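The values are calculated or read from the model by the stated rules, or taken from the named source; none is laboratory data. Remember, predicted model here, so these are calculated numbers, not experimental data. All Cβ positions, even for glycine, are placed from backbone atoms using ideal geometry, and neighbour counts span all protein chains on display.
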Amino acid sequence: MKERLQKIISAYGLASRREAEKLIEEGEVKVNGKTAVLGEKADPERDRIEVGGVRLTAAGERVYIMLHKPRGFVTTMSDERGRRTVADLVKDCPARVYPVGRLDYNSEGLLIMTNDGNVANKLMHPSHEIPKTYMTKVRGGDIDSSVAALGEEMVIDGRKLAPASVKILEVIGDEATLSITICEGRNRQIRKMCEQTGLTVKRLKRISEGKLALGDLRYGKWRYLSPDEIKYIRSI
């Protein structure tokens, strides 16, 4: 039976329907060798459907990996400006996986990637309030008063944000290393929060997301999630 391509792709767990629509618009989806267009229908049992060059198979194997994203990479599968992307770092992964959430160009650390659209949507949905902890090197201002301000409710870009959980790990002169935990993860949230309290972020590294920890995963490398880690993210 023929169905809309975005529905088929979502059912296979590769992306949400909205993300699937974007993949179609970007020319990443082909049906029987021809680039698909938005609104097109296909029969997954009869037609050859490819997403990013990888054919959808009935097995629908789900893959979950953790990447230690370096600075200087864009958290997307392609970039119109020719910048390096996280896709370049996971070329040796046997499945076509997509980033869950974002780490901006100058940020680094833990990034989950998967072809399981349902799990990706749960991890990103704000209602689950999954805590994300960042090792943050900052400069300027009164560190103690800035940390106190970060621990209070703030308004950024017209949105009210919940207080962050902040610990001072080290202070050297006018520089400090902070552990900052937030649950929302809006665009450049920590950088904007710090700026509002008089601090400049020098380095931002995500070290954990919920029960998932970056640990000693090497810079620019990836690994498969363990069975316990997969069980955890599926239970969210």
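A count restricted to segment 223-234 and to residues that are outside any loop (DSSP other than H, G, I, E, B) and over 18 Å from the mean Cα position of the chain (by Cα) stands at 3. In segment 1-35, the residue that is modelled with the lowest pLDDT out of those that are in a loop (DSSP other than H, G, I, E, B) and in contact with a Gly (Cβ under 8 Å, 6 or more places away or on another chain) is Gly13.
When the criteria are applied in full, Gly220 fails the requirement of being small (Gly, Ala, Ser), closer than 14 Å to Ile130 by Cβ and in a loop (DSSP other than H, G, I, E, B). Taken over segment 121-147, the criterion of being in a helix (DSSP H, G or I) and modelled with pLDDT of 85 or more is satisfied by Leu123, Ile143, Asp144, Ser145, Ser146, Val147.
Considering only segment 40-68, state which residues are over 23 Å from Arg234 (Cβ atoms) and not small (Gly, Ala, Ser). Once the filter is applied, which keeps residues that are over 23 Å from Arg234 (Cβ atoms) and not small (Gly, Ala, Ser), segment 40-68 yields Glu40, Lys41, Asp43, Pro44, Glu45, Arg46, Asp47, Arg48, Ile49, Glu50, Arg55.
Filtering segment 42-86 to residues that are at pLDDT below 85 and of a type in the set (Ser, Thr, Tyr) leaves Thr57, Ser78. Candidates in segment 141-183 are the residues that are basic (Lys, Arg) and out of contact with any strand residue (DSSP E or B) (no Cβ under 6 Å at 6 or more places or on another chain); of these, the one that is surrounded by the fewest Cβ atoms within 10 Å (Cβ to Cβ) is Lys160.
Considering only residues that are aromatic (Phe, Trp, Tyr) and surrounded by 14 or more Cβ atoms within 10 Å (Cβ to Cβ), look in segment 211-236 and name the one that is farthest from Lys122 (Cα to Cα). This residue is Trp222. Checking each residue in segment 179-208 for being among the acidic types (Asp, Glu) and either modelled with pLDDT of 95 or more or part of a loop (DSSP other than H, G, I, E, B) (or both) picks out only Glu184.
Gly101 meets the conditions (1) assigned to a strand (DSSP E or B); (2) touching a helix residue (DSSP H, G or I) at 6+ places or on another chain (Cβ under 6 Å) in every case but one. The failed one is (1).
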